[in-house]
1. So between residue 49 and residue 74, what do we pick up on full extension, going 0.36 nm a residue minus the alpha carbon distance?
2. Residue 154 to residue 178: FRET efficiency via 1/(1 + (r/R0)^6), r the Cβ-Cβ distance, R0 22 Å, to the nearest 0.05?
3. Only Lys, Arg, Asp and Glu count, each charged at its Cβ (+1, +1, -1, -1), so figure out the dipole size of the chain about its Cα centre, rounded to 20 debye.
4. Calculate one ³J(HN,Hα) per residue across the stretch 165-181 by plugging θ = phi - 60° into the Karplus curve 6.51 cos²θ - 1.76 cosθ + 1.60, and present them in order as whole Hz with x for glycine and proline.
5. Subtracting the Cα-Cα distance from 0.36 nm times the residue separation, let me have the gained length for residue 144 to residue 111 in nm, one decimal.
6. Quick check: convex hull over the Cα atoms of the stretch 111-154, volume per residue in Å³, rounded to an integer?
7. Tilt of helix 79-92 relative to the longest C-alpha principal axis of the chain, in degrees (0 to 90, nearest 10)?
8. Just one of [x] 15.3, 45; [y] 16.4, 56; [z] 16.0, 47 is Rg and Dmax of the Cα atoms in Å calculated from these coordinates, so which is it?
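FYI, it's all coordinate maths here, none of it is from the lab. Remember, it's a predicted structure, so these values are computed and weren't measured experimentally. Methodologically, a virtual Cβ is constructed for each residue, glycine included, from the backbone with ideal geometry; neighbour enumeration extends over all protein chains shown.
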Amino acid sequence: MAFSCNVFLMVRGIFKPLVLQRRLCVTQKLPLPPFTNKTAIEKVRLAEDLWNSKNPVLVSMGYTNDCSWRNRSEFIKGRGAIQMFLQTKWSKELDYKLIKELWCYKDNRISVKFQYEYMNINGQWFRAYGNENWEFNENGLMTKREASINDLPIENHERLFLWKNDGPRPIDYPGLTQLGL
């Protein structure tokens, strides 16, 4: 029996519904709550790595189909809307590199601080500073995300997130605390 997931695929700049078989649908995302210090740190790093992939479909699979977001002053509901939001975001925030750090956790909730650097389409660099509150279901999928973010312009020589690859931060690359941020 076929089972469909609420997943969208970008085709020539347009999101189209993609029907996946059960084996491809995300029903559980490890580690699972209740979180320990170790599993909360692991969950944060996994989220950072996914966001640094800049792949809206992969990122969205960490959220429930009906996940609700507040991102700055924007309210977003559901995986499809998350995918569209992220596609738009990363089309404007070029050379995006993100570092997240655990702030605190309890039971099925995690709070993180994060910073990311990006260049806009006019060539101006920015560092964004933010905090996120996350809530997860019993399967480890995020049901709620609230993010407060501020952007500050920086000069090219002020950039700190300089790993070479266009993807996850290397394991040996310093985190926010080690960078003095």
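1. 6.7 nm
2. It comes to 0.70.
3. Here the chain has a charge dipole of around 520 debye.
4. 6, 9, x, x, 5, x, 3, 8, 7, x, x, 4, 4, 5, 7, x, 9
5. Net length gain for the segment: 10.7 nm.
6. Values: hull volume 3.4 nm³, N = 44.
In the stretch 111-154, the Cα convex hull volume per residue is 76 Å³.
7. The two axes meet at around 20 degrees.
8. Computed from the coordinates, Rg and Dmax of the Cα atoms in Å corresponds to [y].
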